[in-house]
Structures are given as structure tokens and as C-alpha cells.
1. Name the pairs: first residue in region 267-283 and more than 16 Å from Ala23 (Cα to Cα) and in a helix (DSSP H, G or I), second residue modelled with pLDDT of 95 or more and of a type in the set (Val, Ile, Thr), Cβ to Cβ under 8 Å, at least 6 apart or on different chains?
2. Hey, among Ile82, Ile62, which residue is under 18 Å from Leu275 (Cβ atoms), more than 17 Å from the chain's Cα centre (by Cα) and at pLDDT 95 or above?
3. With the condition kept exactly as written, say whether any residue in region 132-150 is away from the ligand (no atom under 16 Å from the Cβ), surrounded by fewer than 17 Cβ atoms within 10 Å (Cβ to Cβ) and hydrophobic (A, V, I, L, M, F, W, C).
4. Looking at (1) within 13 Å of the ligand (Cβ to nearest atom); (2) in a helix (DSSP H, G or I); (3) surrounded by fewer than 21 Cβ atoms within 10 Å (Cβ to Cβ), can you tell me which one Lys55 breaks?
5. Show the residue pairs that are 6+ apart or on different chains and have beta-carbon atoms under 9 Å apart, the first residue being within region 90-114 and modelled with pLDDT of 95 or more, the second being part of a helix (DSSP H, G or I) and among the aromatic types (Phe, Trp, Tyr).
6. Here's a check for you: in region 82-110, which residue that is within 15 Å of the ligand (Cβ to nearest atom) and part of a helix (DSSP H, G or I) is surrounded by the fewest Cβ atoms within 10 Å (Cβ to Cβ)?
7. Scanning for something touching a Pro at 6+ places or on another chain (Cβ under 6 Å) and either of a type in the set (Lys, Arg) or surrounded by fewer than 23 Cβ atoms within 10 Å (Cβ to Cβ) (or both), does region 258-273 turn up at least one residue?
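The values are calculated or read from the model by the stated rules, or taken from the named source; none is laboratory data. Since the structure is predicted, the reported quantities are computational estimates derived from the model, not experimental observations. Note that we place each Cβ from the backbone using ideal geometry, even for glycine, and neighbour counts take in every protein chain shown.
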Amino acid sequence: MAELISGKIVSEKLRSELRDEIAEFKLQCGRCPGLAVIVVGSDPASKVYVRNKHKACLDVGIESYQIEYPDGISEEELLLKIDELNADTKINGILVQLPLPNNISEKKVIERISPDKDVDAFHPANVGRITIGNYSFLPCTPSGIISLLDYYGVQISGKNCAVIGRSNIVGKPMALLLTERNGTVTLCHSKTQKLKEITLNSDIIVVAIGKAEFLTADMVKPGAVVIDVGINRNDEGKLVGDVKFDEVSQVASMITPVPGGVGPMTITTLLKNTLLAAKIQNK
Ligand code: GUN
């Protein structure tokens, strides 16, 4: 049975360190770091994520401003709100929960957020900086995964890494961060041929494709480290990841559970980015 990589344990440790650093920031600057989170529409999953982000902020001493809009809000109204938050010195970080309704361009919204307040690291300026290794903010989920690998002493340098899924939020930046740490990365997606050959040759596999229990034991090299980014409901309504946990955990050396694996780390990195934004803006 593989060792469990617990995002809960690592998050608790990192959040306790953040709590101390934020208290120190408060002493020096006389105020808390502030994070604005905007959610549009009534997607239940988005609402849960946003609620969890709010609770996590309170837990470490970040002031969290939740802004909720109904489905019908216009793109212009949302963009004007972002302008207002960009100019507001109480707000150090701005996060617009994705996905957005079809009438609103995600590209326009992301590009409107000041790169200095872009704690998701989705703005093209920040993506470019990550690509050349000269960044302030790292994207929350991939950076959280690197923190997990570091905590559990998983060596990345020189290892074969397969990333399955090429989203802008997880897959693409994950490939960049593993490359920066000297991993040899194959970025796989729906058109990849002979995926199983690639995964069977990989020491680290990160799965982020949003397909319930996609990665099966026959695709995994014995002793590999498996990171599951997925959150799906299976046919019985049970919460499952993108990895068939029961069987892959018999082959892998280490594996993240769902829930309690990657999820808490995403939020922890958001908190870290918000503190970093506040420090940069208060220099
Ligand atoms: N939707 C799913 N993951 C994320 C994330 O990390 N940030 C934002 N803003 N939206 C998301």
C-alpha cells in the first residue's frame, strides 16, 4: 500500500507558519492583508470553493471580501468592479472564481486584474514571468503540488514526470514548474497517443483531466508517485478523483487521497500569494 501524501497535514503546518507571518505583517503595517473573491452565478461547486477560501482567510488572519453576483450580471459591470478593486488599497489580492457564465469573457476579466494583485497568477504578464522563471506569484494548484512533493522528500530533478491535462489553471503551469525543478516532463492530453507507454515510464504522474477514476493501476509503474487533482462524482454520487485510488494505491509508492490531498494545498498557496502581494504593495 502506497504512503498517503496528506495535503491536510502539510496545509496545517504551512498555515500555522502563515498565521505567524501575517501577525508580524499586521504589527508592522497596522492592517491585515486583504483578498477580494468574486463569484458569479450559482454553480454549487464554485460556491463551495469560495466558502472554503473565505474560511481559510479568516483562519490565518487575512481580511476576505466576498463579492457575489447573480448569473445575469454584464461583463462591463464585472470589469468596473475589478477596476474599483485594483484601485482599493485595502485589497491586496483579487480572485475571480472560474468558470464564468458564457456572456462574460474570461480572457478580458483575467487581463483586467492588475498583475500585482493577481494572486491566481492567471494574467498573461504573470504567466510569462513564470515561463522565464522570474515570478512573484505561482499558480495555486501547481505550486501547492510542488510544496507537497518537497514536504514528502520526493526528488523531482532528473525524474520522468507525466502531467495529464493541459489546462491553463493546472496542466500547463504544472509542466513548467516541474521543468524548472529539472524534471523531464511529458504534457499529455486528449490527443496524446500511447498514453499508457508514457505513464508506465514515469516516476511522477500528475492527473488533472476531470475524468472520474481515469488513471488505473495498469498505467502506473510500480513505485511511482501519483498526484490526483480531480474532484468528480462517480455514478453512485461518491466524491472521487481522476485516479482509481483503490487499485493505484497498491502499485504507487506515494499517492494523494481525494479529498484531503491537493485541494487544501491550492487554498494554502492562495493565502501565501495574498500575503506576498500585501508585502510587495507595502514596500
Ligand atoms: N476554478 C477552479 N480552480 C480555480 C482557481 O484556482 N482559481 C480560480 N480563480 N478559479 C478556479
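1. Within 8 Å, the pairs are Thr268/Val10; Thr269/Thr141; Leu270/Val119; Gln281/Thr89.
2. On the way: Ile82 fails: under 18 Å from Leu275 (Cβ atoms).
It is Ile62.
3. Within region 132-150, one or more residues are away from the ligand (no atom under 16 Å from the Cβ), surrounded by fewer than 17 Cβ atoms within 10 Å (Cβ to Cβ) and hydrophobic (A, V, I, L, M, F, W, C).
4. If we test Lys55 against (1) within 13 Å of the ligand (Cβ to nearest atom); (2) in a helix (DSSP H, G or I); (3) surrounded by fewer than 21 Cβ atoms within 10 Å (Cβ to Cβ), just (1) comes out false.
5. Partner pairs satisfying both residue conditions: Gln97/Tyr49.
6. Among those residues, the one meeting the criterion is Lys107.
7. Taking every residue of region 258-273 in turn, none turns out to be touching a Pro at 6+ places or on another chain (Cβ under 6 Å) and either of a type in the set (Lys, Arg) or surrounded by fewer than 23 Cβ atoms within 10 Å (Cβ to Cβ) (or both).
Results for (1) within 16 Å of the ligand (Cβ to nearest atom); (2) in contact with a Lys or Arg (Cβ under 6 Å, 6 or more places away or on another chain), shown as yes or no for each residue.
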| position | (1), (2) |
| --- | --- |
| Met219 | no, yes |
| Asp228 | yes, no |
| Ile231 | yes, no |
| Asp235 | no, no |
| Ser253 | no, no |
| Pro257 | no, no |
| Pro264 | yes, yes |
| Ala278 | no, no |
